[in-house]
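The values are calculated or read from the model by the stated rules, or taken from the named source; none is laboratory data. Since the model is a prediction, treat every value here as computed from it, not as a measurement. Reconstructed Cβ throughout: ideal geometry from the backbone, glycine too, with neighbour counts over all protein chains shown. Note: areas computed on protein heavy atoms with side chains; ligands, DNA, RNA excluded. Shrake-Rupley method; radii C 1.70, N 1.55, O 1.52, S 1.80 Å.
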Amino acid sequence: MISVRNHLLQLSGNKWLLFFITALVLAACSPKVRQVAPVKKPTDTEAEKPKIAEKPPVKPAASKPLTIAMVLPLGLDHLKPGARYTSPGLTKANMSVEYYQGFKLALDSLTAGGANFKLRLYDSKDEAAQAHSLGFNPLIKNSDLIVGPVFPDGMKVFAAVLNTKSPVVSPLSPASPATINSDNLITVMPPLEYHGWGAAQYINDKLKPKKIFILRSGFSQEQDYVRGFKNATDSLSNKKVKVIIVTISKGQLGGLIPQLSKKEQNIFVVAATDQAFLTVTLKSLDTLNRHYPVTLFGHPSWEKFSFLKIDILQRLKTHITSGDQVDYKSDANMEFVRVYHRAYHVEPTDFAIKGFDEGMYFGRQLIDNNFATLDKTDYVGLHNRFHFIKKNGLGWVNTHVNVLMYANFELKQVE
């Protein structure tokens, strides 16, 4: 049974969103019908026969449904007459519907195997005040599993007042769990520091350099990645690999030349996301690469930056990490696309795939009552693997990232 807090009204210009939410709610609330044998009316002869007292048959106890509360930024207030979605609001609503559809498809798959779930859906409106209010809702805090809110600000105020022992899943945000400070929290998308750790692990295992250069722009946003990378490199190499951190201005790399090798790969790490800095620095690295072979490791956001030139990235043997890489050519993903399209008559997005992976994983943990030992239950999903570690006061954190490399004008997974 799916519970939705707001009645859905028509959305001008975006009727498909209304259609999907309404159809999903109706489908989820449809009762399961069990065939019953027809009742045979007794004949007069049968009525005159003495009746022998029998013990009534013992009915098997119905399994108690496992309850899941899902808090998503649907923005249902924008469906009221005269109201409209803003472009950002509609994007969040689309994301919510797509994630929900994937998650519910996973629960339907588990239900076919005998599981019993009750999924309740709540609208956070992407407002801190609404998230705070939902944190006091007894139906939410008494659920067996809570999924959402999606964004860090909402999750922070929600978790602060929730007062529950149930696991709370942060489904789509890679924000550090240190901003939430909840021992019940499960962070699915790897935070930035674990991208730094994943890059360091790959470099240590595959490339085995003697020194690594970290080029910084000076912006504080790089700190989580750099700290994770430095700590991992020191730990994995027992501090035998020299990490050289340099703040670069206007692409000036001349000061590093005396420390570079003309025969071995020179490993550079750039965690910056600033367009002006990257444009100049990557061009300088490309020039340097003519005489000193360069292998570059970049920020996971680079995959989305259209201003980066792929030919330069390929020449620099650029690697990036990713917590949500989807290979649509794999057999598993093609099968998922087929099943999803049959269920919803649309193509799945990355959010739908994440919803499906998380629905399958956490649905199974609910069935097995297995939230105390997530570190012993890894999962290979369609978009990423789940490998959780327990952090005191911060809950469980997925640390697995994929390592990708630019080759043949596309990103290919190498680890």
Quiz item: Once the Cα atoms of helix 192-202 and of the chain are each reduced to a long axis, what angle between those two axes, in degrees from 0 to 90 to the nearest 10, is obtained?
Solution: 60
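PHE103: net charge of surrounding residues, Cβ under 14 Å, Lys/Arg +1, Asp/Glu -1, itself excluded? Numbers along the way, then the final one.
Values: positive: LYS104, LYS118, ARG120, LYS354, ARG364; negative: GLU98, ASP108, ASP350, ASP357, GLU358.
Net charge in that neighbourhood comes out at 0.
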Exercise. Could you run the Karplus curve 6.51 cos²θ - 1.76 cosθ + 1.60 with θ = phi - 60° over the range 101-108 and give me ³J(HN,Hα) per residue in whole Hz, x for Gly and Pro?
Key: 4, x, 4, 5, 4, 5, 5, 4
Practice problem: Could you give log10 I(q)/I(0) at q = 0.14, 0.15, 0.23, 0.26 Å⁻¹ for the range 94-183, computed by the Debye formula over C-alpha point scatterers of equal weight, without solvent? | Solution: -0.51, -0.59, -1.24, -1.43
Self-check item: Cut-off 19 Å, label 7 Å out along Cα→Cβ of GLN221, residues of the range 253-289 by amide N
Solution: 269-283
Quiz prompt | By average C-beta atoms within 10 angstrom, highest first, the peptides 307-315, 267-275 | solution = 267-275, 307-315
Quiz prompt | Selected from TYR328, TYR379, TYR225 as most flexible by GNM, with the chain as the system and alpha-carbon contacts under 10 Å | solution = TYR328
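With the cut-off at 17 Å, report for the range 91-244 the share of all Cα pairs above it, as a whole percent.
Working: 8165 of 11781 pairs.
Result: 69 percent of Cα pairs exceed 17 Å.
May I ask you to give the solvent-accessible area per residue for the chain, in square angstrom, as obtained with a 1.4 angstrom probe?
Details: 22150 Å² over 415 residues.
Normalised by residue count, the accessible surface of the chain is 53 Å².
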Quiz item: For the range 131-198, which trypsin sites (Lys or Arg not before Pro) are both in a DSSP coil and crowded by at most 14 other Cβ atoms within 10 Å?
Solution: LYS165
Self-check item: For ILE245, residues with placed amide H under 5 Å, excluding near neighbours
Solution: ILE214
Quiz prompt | Net dipole in debye of the range 242-326 [+1 Lys, Arg Cβ; -1 Asp, Glu Cβ; about Cα centre; nearest 20] | solution = 340
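Less than 10 Å Cβ to Cβ from ALA128, Lys/Arg counted +1 and Asp/Glu -1: what total charge do the surrounding residues give? Please report the intermediate quantities before stating the final value.
Details: positive: LYS125, LYS156; negative: ASP126, GLU127, ASP153.
Computed value for this residue: -1.
Rule-of-thumb check for the range 299-415: C-alpha Rg over 2.2 N^0.38 Å? Could you put the intermediate results ahead of the total?
Numbers: Rg = 16.7 Å, N = 117, 2.2 N^0.38 = 13.4 Å.
For the range 299-415, the normalised Cα radius of gyration is 1.24.
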Quiz item: Extension gain LYS391-ILE367, at 0.36 nm per residue separation less the Cα-Cα distance, in nm?
Solution: 6.2 nm
Quiz item: Carbon and sulfur atoms: what percent of the 1.4 Å accessible area of the range 122-164 do they account for?
Solution: 51
Quiz item: Which whole-number percent is the relative contact order of the range 319-413 (Cα, under 8 Å, 6+ apart)?
Solution: 32
Quiz item: What angle do you read, to the nearest 10 degrees and between 0 and 90, between the alpha-carbon axis of helix 152-162 and the longest principal axis of the chain?
Solution: 50
Self-check item: Counted charge near ALA175, where neighbours are those whose Cβ lies closer than 15 Å (Asp, Glu -1; Lys, Arg +1)
Solution: -3
Self-check item: Amide H partners (placed H, <5 Å) of PHE297, local residues excluded
Solution: PHE268, VAL269, VAL270, HIS319
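What is the magnitude of the charge dipole of the chain about its Cα centre, with +1 placed on the Cβ of each Lys and Arg, -1 on the Cβ of each Asp and Glu, and no other charges, expressed in debye to the nearest 20?
Numbers: 50 positive and 36 negative charges, 106 e Å.
Around 500 debye, computed over the chain.
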Exercise. Could you state the angle between the C-alpha long axis of helix 15-29 and the longest principal axis of the C-alpha atoms of the chain, as a value from 0 to 90 degrees rounded to the nearest 10?
Key: 50
Exercise. Read phi for every residue in the range 135-147 and hand back ³J(HN,Hα) as whole Hz from Karplus 6.51 cos²θ - 1.76 cosθ + 1.60, θ = phi - 60°, with x for Gly and Pro.
Key: x, 8, 5, x, 5, 7, 5, 9, 6, 6, 8, 10, 10
Self-check item: Choice from ALA332, ALA175, ALA69 with maximal GNM fluctuation in the chain (Cα, 10 Å cutoff)
Solution: ALA332
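Let me check against my output: what whole-number percent is the relative contact order of the chain, with C-alpha pairs under 8 Å and at least 6 apart? Spell out each step's value before the answer.
Numbers: 710 pairs, mean separation 68.7, N = 415.
Relative CO of the chain lands at 17 percent.
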Self-check item: Beta bridges by DSSP in the chain, antiparallel share as percent, to the nearest 5
Solution: 25
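Taking a ≥ b ≥ c as the square roots of the Cα gyration tensor eigenvalues, with a/c under 1.5 meaning rounded and otherwise prolate when a/b beats b/c, else oblate, which class fits the range 217-289?
Working: a/c = 2.31, a/b = 1.15, b/c = 2.01.
Oblate is the answer for the range 217-289, as a/c is 1.5 or above yet b/c matches or exceeds a/b.
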